[in-house]
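Structure record follows, encoded as structure tokens.
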Amino acid sequence: MRNVYLDYSATTPVKEEVLKEMIPYFTEKFGNPSSLYDKGLESKDAVTHAREQVADLINAKPSEVYFTAGGTESDNWALFGTAEKLKSKGNHIITTKIEHHAILHSCAYLEKEGYEVTYLDIDKDGRISLKQLEEAITDKTILISIMLVNNEIGTVQPIKEAAAIAKKHGVLFHTDAVQGLGNVDIDVKDMGVDMMSMSSHKIYGPKGSGALYIRKGVVIDNYLHGGAQENRRRAGTENLTGIVGFGKAAELAKANFKGHVEHCSSLRNYLKDRIISEIPDTYVNGTMENRHPGNLNITFKYIEGESILLLLNQFGISVSTGSACSSTSLEPSHVLTALGVPVEMIHGTVRFTVGDFTTKEDIDYVVDNLKKIVARLREISSVNSKKGW
Amino acid sequence: MALYNDIVMDHFLNPKNVGEIDNPDGTGIYGSPVCGDMMQIQIKVEGETITDAKFKTFGCGSAIASSSMATSMIIGKTIEEALEITNKQIIDELGGLPPVKVHCSVLADKAIKNAIYDYAQKNNKYYKALEGYDPEADEDDEHGEVEE
């Protein structure tokens, strides 16, 4: 059976070139980067090189890149490190309703600790309002955290403008760029952000590896305490292979950026055009303007997402859904809820993300099967276009 | 590790009794699209025996499988026997459901009871098991034991 992976926003395979770079660091080049003999220094050099590769992708100084265990740790560090450091200054944080749970659940925790959090709305296109952002700032505001690219609907937020507002009011600005890295233009200097979260496994690097960019001069508390690694700011023996892999993946992301974006967006658009024109009662969620190049989020009316996912899986096709039934919490997607999608339609949403290894034949295979699956589920469904909801 | 066992998958992939009955003797609907599941079960009754049952379901894999299993279980049974069926029996016949999906079997159970209730109302029939029965009652607040 054919295998078609269309869930690149969940994770990506490690590219051959990345794996090749990593392998020696599992075996012969296994030294601890903190050790002072040659075997240690060899590893330290590898970490230094990777730091340059990641810094190069986002136009930062290498000394501003701190390796972590991934996007979640980076988000937690930025939030808890800032909250703790600036608690004498204020207790107010501004974020959005559509953040990743690494931000939302950290904010919920801080609320229990006495912090106040404002959650910004999004409009029908999926974007925040800069006016609402500025109005939310108080003299107690210590941090604004807004994601660069949303993981479900792929919409890109006006980070440069938002960061300028934060700067004007003397508030630190963090962005979760996990979905944006390698997919949209990122220049931390131009964007004017103070902190930025990144993850390796979304850009064809290994899992369990990521980084937090902290602009020179920005001081937040440490999150992990221990040894003197990462310039005394993030303790723990370096995930050497993970860091080497992330570095190589970042180098490739920079070198292939234009080709990657063109490849993904043309196949994504082809997928969208075929679905919308060939399957009735289907809707795109979020604007197609300024969107993650591989992301497509579709509502199939009158049927439920988990059923679609399971049937696609029978054909070797991997996608994800915003349906409540697929989540252990049984809560419908908070992003689609914030976007104003009616609950009964959220249950029928599927997220497709194409990536570097997707082909046009893959898309044709998916649409051909999807048509049959949607028709079959609508036949079974107790709601339809005639009966209505 | 699959999400569902083979029996559930078979009833999801090849559901039995999909459709609607012409001039049904009873129709039961339970759930709503807002909740993510809505089932319609229709029955044909001859004498006191359910001779046919069909379903239409908007919902996830286990909701469709539960509908298929529940309709299969009541065909050939008397009304009294069908009223004795519990959601636990539907789960057992399916070889088990994940804890978060237990409510799908509750929905199927309710849809059957609502179809029989409809039949009883239309035909002025009395069944002890339906005494004080409320077809609208929300018995779906138990989502099973969810491990956090």
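If I take all pairs of Cα atoms in region A:121-171, what percentage of them are more than 16 Å from each other? Above the 16 Å cut-off, region A:121-171 has 38 percent of its Cα pairs. A straight line joining the Cα centroids of region A:91-170 and region A:1-64 runs 31 Å.
Counting pairwise Cα distances across region A:16-255, what percent come out greater than 22 angstrom?
More than 22 Å apart: 51 percent of the Cα pairs in region A:16-255.
Per-residue 3J(HN,Hα) values for region A:76-85, derived from phi via the Karplus relation 6.51 cos²θ - 1.76 cosθ + 1.60 with θ = phi - 60°, read 4, 4, 4, 6, 5, x, 6, 4, 5, 5 Hz in sequence order (x marks Gly and Pro). This model, with +1 at the C-beta of Lys and Arg and -1 at the C-beta of Asp and Glu, gives region A:16-255 a dipole about its Cα centre of some 440 debye. Residues of region A:284-312 buried by at least 30 Å² of accessible area upon assembly of all protein chains, compared with the chain on its own (1.4 Å probe): A:E304, A:E306, A:S307, A:L310, A:L311.
Roughly to the nearest percent, how much of the accessible area of the protein assembly as shown is carbon and sulfur, given a 1.4 Å probe? Its accessible area is 51 percent carbon and sulfur atoms. Over the C-alpha trace of region A:276-318, radius of gyration and Dmax come out as 12.0, 33 angstrom. The Cys residues in chain A with no partner Cys Cβ within less than 4.7 Å of their Cβ are A:C107, A:C264.
So with the 1.4 Å probe, I'd like the accessible area per residue for region A:1-131, rounded to whole Å².
Numbers: 6510 Å² over 131 residues.
With the other protein chains kept in place, region A:1-131 gives 50 Å² per residue.
Annotation for region A:91-160: GluC sites (Glu not before Pro) lying in DSSP loop with at most 16 further Cβ atoms inside 10 Å of their Cβ are A:E113. May I ask you to find the residues of region A:352-389 that are shielded by at least 10 Å² of accessible area once the whole protein assembly is considered instead of their isolated chain (probe 1.4 Å)? Checking the loss per residue gives A:R376, A:L377, A:E379, A:I380, A:S381, A:S382, A:V383, A:K387, A:W389. Note on region A:284-383: the alpha carbon radius of gyration divided by the globular reference 2.2 N^0.38 Å gives 1.06. Across q = 0.22, 0.24, 0.30 Å⁻¹, region A:248-296 modelled as identical point scatterers on its alpha-carbon atoms has Debye log10 I(q)/I(0) values of -0.80, -0.89, -1.12, in the order of the q list.
When chains B and A come together, the accessible area they lose, probed at 1.4 Å and totalled over both chains, is close to 2100 Å². Cα extents for the protein assembly as shown along the principal axes, largest to smallest and rounded to whole angstrom: 89, 53, 43. Filter the cross-link list A:K44/A:K254; A:K20/A:K44; A:K167/A:K207 down to pairs whose alpha-carbon distance in this structure exceeds 26 Å. Cα-Cα > 26 Å for A:K167/A:K207; rest within. Computed from the C-beta positions of B:L13 and A:Y270, the FRET efficiency with R₀ = 30 Å rounds to 0.55. Panel note: contact residues of region B:47-67 (accessible area lowered by at least 50 Å² against the chain on its own; 1.4 Å probe) correspond to B:K56, B:F58. Remark: relative contact order (chain A) = 22 percent; criterion is Cα-Cα distance under 8 angstrom and separation of 6 or more residues. When you work out D = kT/(6 pi eta Rh) for region A:1-121 at 20 °C and 1.002 mPa s, using the Kirkwood radius from C-alpha pairs as Rh and the Stokes-Einstein form, the result is 119 µm²/s.
Residue by residue, region A:223-238 carries 3J(HN,Hα) couplings of 10, 9, 10, x, x, 8, 5, 6, 6, 6, 10, 9, 6, x, 4, 4 Hz when phi is fed to the Karplus relation 6.51 cos²θ - 1.76 cosθ + 1.60 (θ = phi - 60°); x denotes Gly or Pro.
How far, in degrees from 0 to 90, does helix A:101-112 lean away from the longest principal axis of the Cα atoms of chain A, to the nearest 10? Approximately 70 degrees, to the nearest 10. Taking the Cα atoms only, what angle lies between the long axis of helix A:257-278 and the longest principal axis of chain A, rounded to 10 degrees? Helix A:257-278 sits roughly 20 degrees off the main axis of chain A. The Cβ shell under 10 Å around A:H100 holds other residues with a net charge of -4, Lys and Arg each +1, Asp and Glu each -1. May I ask for the distance between the Cα centers of region B:113-129 and region A:307-347, given as a whole number of Å? One Cα centre to the other: 36 Å.
The long axis of helix A:159-168 is offset from the longest Cα principal axis of chain A by roughly 50 degrees. Pairs from the table (A:K272/A:K387; B:K54/B:K113; A:K124/B:K56; A:K272/A:K301; A:K189/A:K248; A:K371/B:K44) lying more than 24 angstrom apart at Cα are A:K272/A:K387; A:K124/B:K56; A:K371/B:K44.
What aspartates and glutamates sit close enough to A:K168 to cross-link, taking a C-alpha to C-alpha distance under 19 Å and skipping anything fewer than 8 places away on the same chain? Within reach: A:E134, A:E135, A:D139, A:D190, A:D194.
Each Cα pair of region B:46-110 feeds into the Kirkwood radius, which the Stokes-Einstein equation turns, at 4 °C and 1.567 mPa s, into a diffusion coefficient of 109 µm²/s.
In terms of its Cα atoms, region B:6-124 spans 38, 28, 22 Å along the principal axes, sorted from long to short. The 3J(HN,Hα) values that the Karplus relation (6.51, -1.76, 1.60; θ = phi - 60°) gives for region A:204-211 are, in residue order, 6, x, x, 6, x, 9, x, 7 Hz. Gly and Pro appear as x.
The values are calculated or read from the model by the stated rules, or taken from the named source; none is laboratory data. For clarity, every value in this text was computed on a predicted model and none was experimentally measured. In this analysis, Cβ positions are derived from the backbone assuming ideal geometry, glycine residues included, and neighbour counts consider all displayed protein chains. These area figures cover heavy atoms from the full protein model, side chains too; ligands, DNA and RNA do not enter into them. Shrake-Rupley method; radii C 1.70, N 1.55, O 1.52, S 1.80 Å.
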